[in-house]
Structure formats: C-alpha cells, structure tokens
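What follows is a set of notes on a single structure, which appears directly below.
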Amino acid sequence: MSQGPVAVIGGGIMGAGIAQVLARAGYEVRVRELSDELVDEARDRLIAGNYGLDDAVEGGYLDEDEKADILDRISFTTDMEEAAAGTEFVIEAVTEDLAIKGQVFRELDSVTDDQPLYSNTSGFSVTAIANAVSDPSRVAVTHFFNPVPIMSMVEIVEAPETDQAVVDRAEDLVDELGKTRITIDDDPGSYGFVANRCHAAMREEAQKIVDEGIATEAQVDTALEKGYNLPAGPFALRGIGEEWE
C-alpha cells in the first residue's frame, strides 16, 4: 500500500536517489524539476543512472514487477504547487547554493500548509534555510549521502526553533528506509555537519602532507586505507564521485 504523498524538489543525482528510496519504501513520490527536459533527465537518471532501478534489478535486489510498482509510485512535474500541496512532507534536493535553496523554500512556504520541510543540504545551517519560511519550526535538515540507494548514513539537523515533531518524523523516516541516523544541533557559524567536517579536516591535512613532499597522494591513500580500514582514501574519493554538494 502506498504512503504519502511526499515531494522531492530537484531530480538531480541526490533528488533521484532520494525519490527512489522513498518509492521503494512504499511512498507515493512527486518529483519536481524546472523544465520538461530536466524532468526527462531525472526520470532517466532514476531508472538507468548509476545505482538506479535498472542496476537494482541487474543486481538481484528487485525484480521487474517490483521495479514497475516503484515507477507507478513516482510522478514528475514542473509545477511546485502540484508537487508539494497536500504532501506529508517535502525534501528539497536542489543545487548546493543558499540563494537557490532560499528561493525554493519561499515557494514551498506559499504552496504548503504546516507539513515538515526538509533540506538535503550537505552543510548549510538549518537557521539560514529556515529564514525563507514564515514558520521556521517546520524546517530541518535530512542530509543523505551519495549514492543514496547504497549509503546508509543520514544526518538529521535541528535548529533551536525546529518543532520536535518535525525531528521525530525525520527520525521515523530514516528508520523506515532502513538507514542509520544521527540527530545533531545546528551550527550557524560553520559549513558542514559531522561527517563532512571531519572528512574535510582529514582531506586538508592529507593535502598538506603531499604539498610538503612527505608522501605522494597514493601513499597517503594507502596509509589511511590500510591503517584505518577506510574504503577509500581522501584522494581516491576525489575520483569516484564523492558528494560534497
């Protein structure tokens, strides 16, 4: 039985991945993009892109009937009101640009009622994003990691103004999706949450080691991969589509 409806604003790599996992969990998902061309790209990305539904079928995680059922639960539109009105919650997954996100949340403020509004930002503060809506208590961050269908982690970020029910719904959602969560406090004075801030510090130190001629990039990666059991070192991650934005 379908749940929802819910909306995902933005059908890029992150938005398509979020829409896929929501639909696989039984939600009726509306994906909003800016143009018909981008809608077509989002649909193709969700089906045939890396870690899309075709890959899930090929890997034995879905059969063709399950894939068809998932696609039946996903619709696409260029109209914000059509996407968001009457939804249980909305997840924004547009470009990592605060001005663009602010515009999206202002639009959402005008076409939604009191449902939770979540941002998939990888680092902008909840407070900065919530400034765009009349009731900041509706806003929190649900930071999924790329690729969304594969990665387990979701960082939930709340501001002092965030309603506890909004946080609770985000935590319940992550549990429904079978993912791992941490819930942390907003820090308006910095960019990034726990995982990205820690990794950024490691990446900066790794670059210093290379710049000082102490070791090569490959040696740094080897030291961290074999010494700390990391699946990929900071320089290797740079080449396999690490998600920082």
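The values are calculated or read from the model by the stated rules, or taken from the named source; none is laboratory data. Worth saying up front: this structure is predicted, and the values here are computed from it rather than measured. Virtual Cβ from ideal backbone geometry, glycine too; neighbours counted across all protein chains shown. Note: areas computed on protein heavy atoms with side chains; ligands, DNA, RNA excluded. Shrake-Rupley method; radii C 1.70, N 1.55, O 1.52, S 1.80 Å.
Among Ala84, Ala223, Ala93, which one shows the biggest mean-square fluctuation in a GNM of the chain, springs joining Cα atoms closer than 10 Å?
Maximum fluctuation in the GNM of the chain, among the listed residues, is at Ala223.
What list of ³J(HN,Hα) values in whole Hz, one per residue of segment 25-42 in order, does the Karplus curve 6.51 cos²θ - 1.76 cosθ + 1.60 (θ = phi - 60°) give from phi, with Gly and Pro shown as x?
Values per residue, Gly and Pro as x: 7, x, 7, 7, 10, 10, 9, 10, 10, 7, 8, 4, 4, 5, 4, 4, 5, 5 Hz.
Please give the length that would be gained between Glu66 and Asp172 if that part of the chain were fully extended, namely 0.36 nm times their separation in residues minus their C-alpha to C-alpha distance (nm, one decimal).
The Glu66-Asp172 span can extend by a further 35.8 nm.
Semi-axes of the equivalent ellipsoid of segment 3-65: what are they in whole Å, largest first, if each equals the square root of 5 times a C-alpha gyration tensor eigenvalue?
In descending order, the three semi-axes are 19, 15, 8 Å.
Please report Rg (one decimal) and Dmax (integer) in Å for the Cα set of segment 32-73.
Expressed in Å, the Cα Rg and Dmax of segment 32-73 come to 11.2, 33.
Where the centre of each part is set by its Cα atoms, how far does segment 80-133 sit from segment 15-61, in angstrom?
What the calculation gives is 20 Å, centre to centre.
With r as the distance between the Cβ atoms of Lys208 and Asp135 and R0 = 51 Å, compute the FRET efficiency 1/(1 + (r/R0)^6) and round to 0.05.
Step by step, r from the Cβ atoms, then E = 0.70.
Per residue, what accessible area does segment 195-244 have, given a 1.4 Å probe and all protein chains present, in Å²?
With all protein chains present, segment 195-244 gives 66 Å² per residue.
So for segment 1-136, what percent of the C-alpha to C-alpha distances run longer than 27 Å?
18 percent
For the Cα atoms of the chain, what angle does the longest principal axis make with the long axis of helix 164-176, in degrees from 0 to 90, nearest 10?
70 degrees
Between Glu161 and Asp109, what length comes free when the chain is fully extended (0.36 nm per residue of separation minus the Cα-Cα distance, one decimal in nm)?
17.1 nm
Measure nothing fancy, just the Cα-based angle from helix 217-228's long axis to the longest principal axis of the chain, in degrees from 0 to 90, nearest 10.
80 degrees
Compute the label zone of Met151 within segment 4-21: residues whose backbone N is under 18 Å from the point 7 Å along Cα-to-Cβ.
Answer for this model: 9-21.
Counting only heavy atoms of the protein chains, get the accessible area per residue of segment 143-194 (1.4 Å probe) and round it to a whole Å² value.
Value for segment 143-194: 46 Å² per residue.
Ignoring ligands, DNA and RNA, what percent of the 1.4 Å accessible area of the chain is carbon and sulfur?
Of all accessible area on the chain, carbon and sulfur atoms account for 48 percent.
Set the Förster radius R0 to 30 Å, insert the Cβ-Cβ distance between Thr78 and Lys179 as r into 1/(1 + (r/R0)^6), and round the FRET efficiency to 0.05.
According to the calculation, E is roughly 0.55.
I'd like the orientation of helix 13-24 relative to the chain: the angle between its Cα long axis and the longest Cα principal axis, in ° from 0 to 90, rounded to 10.
The angle comes out at about 60 degrees.
Taking 7 Å along the Cα-to-C-beta vector as the label spot, tell me the Ser190-Val57 distance in nanometres, rounded to one decimal.
4.5 nm
Please work out the ratio of the alpha-carbon Rg of the chain to 2.2 N^0.38 Å and round it to two decimals.
1.05
In the P(r) worked out for segment 195-244, what percent of Cα pairs fall beyond 12 Å?
Counting pairs separated by more than 12 Å, the tail of P(r) holds 62 percent.
Can you give me the accessible area per residue for segment 35-101, using a 1.4 Å probe, in Å²?
Heavy-atom accessible area per residue stands at 55 Å².
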